[in-house]
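Beneath this line is the structure, given in structure tokens, with notes to follow.
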Amino acid sequence: MPKPVDKLLKLDKSALENFLIQLQQKNEQTESLIQKLPIGILGLDDNNRISWANEAGENILGSRITSGRGIPINSVIVDHEFKNWFETALKTNRGVFNEEKEVLFPKHRHLLVTVRPSQMIVLVDITSIRSRDRETGDLERINSLIKLSRGIAHELGNPLNSITIHLKLLAKIGESLPAKEKKKFQDALGVLTHETDRLDRIIKNFLKATRQKPPEFKLGDIHDPIEEALNFLAPELKADKIKVKTDFSKSIPEFLFDRDKMYQAFLNLIKNAVEAMPKGGELRIGTAAREKVCSIAFQDNGIGIPEKDLPYIFEEYYTTKEEGSGLGLAILYNIIREHGGRIDVKSQEGKGTLFILLLPIRRDKLQLPMNTTGAKE
């Protein structure tokens, strides 16, 4: 059976030109499909500047983005709160951030935002979904949309692989061309190869950004992600006149947990405490070991949580804040649940709130004690 390269070697100049045109058309069709996806996709370079964006991404941000110009993300985001959140997400460099954000400018929208620093931003406009009853399966539809887009991305990968293989075969053919035609041929081939590689990077980064990463349990010191979160939020704590006092137990051994996810959990919990103390205050963080359970307590002296709201604080989208997304404590709850842990909450209006995280100190499964405070299990 003749090899593909043998067939290509037998093509005359006209046939080669037609083949190159077909490859270019396939590239254009692939890029056009990415441009027409209903999800906003923005590529980031190593300095977190926008290198490219599809039509949905430009529409959501309300800005015309010229690809390849290295535009700072701040220059195209109008909403001040949204801009601050992006700065925080990009500076932490802690892997993927997934949150729902409500933006007011350039248009009031609810967005499901995925940020992978130095790689990709994915924006899903869920405004119409959020306007419906939460019980109708909002999150399931969002996940279905993401799965659909991932499926499209996978399908795009197949023709791209085929194009890449044939481009390599054409490069070998080009070596045998006369010198006069060789440069022109190689220039055209170089453009096609560059654009194909670019589309391949777009698809791979999109798949990375939308992948739901399972927890990676490794032995570690639980105090490390707490201190890392405190160090990151130190300027905000100082600006808001929040004093932090820590009392870390030295008797807690290293145990299994996902450091990145616990860092995110502590970050959300500290931010929640800051928001509960708008006029300043004190945040106490203490750890202790009780039998085979690690206890981590966050005590603020802020405004407290009304008793009627306590049973619902871990539900997605439930919030008492005018500009809150209702996802911070839901994310915290899911992370602790993934670790086989539990959260106990005590709060009194006007006096503050105590969150106690209970995590198993384990190398194997451990049953946690029964909840005694009525908090969600």
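Structure values in brief
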item	result
Search result, residues across region 187-213 that are loosely packed, with under 15 Cβ neighbours inside 10 Å and modelled with pLDDT of 80 or more	D187, G190, V191, H194, D197
Residue among F248, F255 that alone is free of Cβ contacts under 8 Å to residues at least 60 places away in the same chain, surrounded by 12 or more Cβ atoms within 10 Å (Cβ to Cβ) and under 30 Å from A89 (Cβ atoms)	F248
Where S118 falls short, out of the listed (1) surrounded by fewer than 18 Cβ atoms within 10 Å (Cβ to Cβ); (2) of a type in the set (S, T, Y); (3) in a strand (DSSP E or B)	(3)
Residue within region 88-104 that is polar (S, T, N, Q), out of contact with any strand residue (DSSP E or B) (no Cβ under 6 Å at 6 or more places or on another chain), touching a residue at least 12 places away in the same chain (Cβ under 8 Å) and surrounded by fewer than 20 Cβ atoms within 10 Å (Cβ to Cβ) present	yes
Residue, surrounded by the fewest Cβ atoms within 10 Å (Cβ to Cβ), within region 39-74, restricted to residues that are modelled with pLDDT under 80 and out of contact with any Pro (no Cβ under 9 Å at 6 or more places or on another chain)	R64
Residue that is nearest to the chain's Cα centre (by Cα) [pool: residues in region 92-125 that are under 11 Å from I60 (Cα atoms) and among the charged types (D, E, K, R)]	D125
Qualifying residue in region 99-111 (condition: at pLDDT below 85 and within 29 Å of E228 (Cα to Cα))	yes
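Residue-wise test of (1) part of a strand (DSSP E or B); (2) not hydrophobic (A, V, I, L, M, F, W, C).
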{"residue": "G43", "(1), (2)": "yes, yes"}
{"residue": "N74", "(1), (2)": "no, yes"}
{"residue": "V78", "(1), (2)": "no, no"}
{"residue": "T88", "(1), (2)": "no, yes"}
{"residue": "K91", "(1), (2)": "no, yes"}
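The values are calculated or read from the model by the stated rules, or taken from the named source; none is laboratory data. The model shown is predicted, which means the values in this text are computed figures rather than measured ones. So basically every Cβ, Gly included, is an ideal-geometry build from the backbone, and we count neighbours across all protein chains shown.
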